[in-house]
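Everything below concerns the one structure shown next.
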Amino acid sequence: MYRIIEGNSKDILNTFDAESIDCVVTSPPYWNLRDYKTEGQLGQEKTFQEYIKNLCDIFDEVKRVLKKGGVVFVNIGDTYSTISGSMGKGKWKQPKYEVCNDQMPEKLETGLPTKCLCQIPSRFVIEMIDRGWTNRNEIIWWRRNQMPQSVKDRFTVDFEKIYMLTKNAKYYFEQQLEPYTSNPSEKEMWRDKSKEKHGDINLFSKGPRNYYSKGGRNMRCVWDVPTKPFKGSHYATFPEDLVKPMILAGCPKGGVVLDPFSGAGTTLLVAEELGRDSIGIELNPEYIEIAKNRIDVYSKQYKLF
């Protein structure tokens, strides 16, 4: 079951009961990269410092509504101090993109050198740590099918970062496995590791065991997930395959997944597919309709009522 609430994330979260959410999977609007033409939107602040503050203020409320064992996954991208476009005679010219030209924001001064990365993800996670969050993982989303970039003086950026954050040292986590890169030998498969210790702690149980019987190795932090086209009018959807391991790892069956910037509803759709309840918060009513249509189509096709 899912529901989407229209409104400002911070205001809506303020109405939630404390410790009512199991897992958060979200991708907030990036700073000064796209104008969604919605009053009160995040990402159009005049400075990235103000953006980081506003974003982390929202996550203060997320922390309040998250259960003690809750887990948060945040996909966030960076911004260059000079936004894509051309500088002619000191004046910035907006690039001519047929599809999303109306979403290109106004160029803002950053105080950083021209062409410099603003380090938005790093600034965000450091501020989150300063506010008491625990940063458990920095995951690299490798976008192997990244669109070409019209630059000749740097390398093409083909990744984004995802931070796994918790409010406590102990939290719910279901280990996710991936295939081994090579088949282990018979000697490697059956070993007596009972003498292997960390200090006074036994790392393994006694006796020979097949340590490769789980069907894979612990999932690594570089995720090879291609982007996928989306036919709707939301140009910043992340793929379902990126969301699935987050929900499987961070939300138990019967739990509730929250996306405070739900956009086109990918997090909610995947939660529905995996049998978890979900709540989305979205400021733009057009995106809410897109999300509802996506999830309702899935429900009619794959779920029996």
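The values are calculated or read from the model by the stated rules, or taken from the named source; none is laboratory data. As the structure is a prediction and not an experimental result, all values here were calculated from the model. A quick note on method: Cβ atoms are made from the backbone with ideal geometry, for glycine too, and the neighbour counts reach across all protein chains shown.
Below are the figures for this structure:
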quantity: In the range 1-49, the residues that are at positive phi and of a type in the set (D, E, K, R); calculated: 19, 37
quantity: Single residue of the range 14-41 satisfying the filter (more than 16 Å from the chain's Cα centre (by Cα) and of a type in the set (A, V, I, L, M)) that is nearest to residue 78 (Cα to Cα); calculated: 33
quantity: Condition check for residue 204: at pLDDT below 75, of a type in the set (A, V, I, L, M, F, W, C), not in a strand (DSSP E or B) and not assigned by TED's automatic domain parsing to the domain that holds residue 291; calculated: yes
quantity: The range 242-284, residues that are closer than 19 Å to residue 30 by Cα and either free of Cβ contacts under 8 Å to residues at least 40 places away in the same chain or in a helix (DSSP H, G or I) (or both); calculated: 242, 243, 264, 266, 267
quantity: Residue in the range 7-19 that is at pLDDT below 90 and either out of contact with any His (no Cβ under 9 Å at 6 or more places or on another chain) or hydroxyl-bearing (Ser, Thr, Tyr) (or both) present; calculated: no
quantity: Any hit, the range 286-303, residues being of a type outside the set (Lys, Arg) and outside any helix (DSSP H, G or I); calculated: no
quantity: Those residues of the range 119-165 which are within 18 Å of residue 228 (Cα to Cα) and assigned to a loop (DSSP other than H, G, I, E, B), in sequence order; calculated: 143, 144, 145, 146, 147, 148, 149, 157, 158
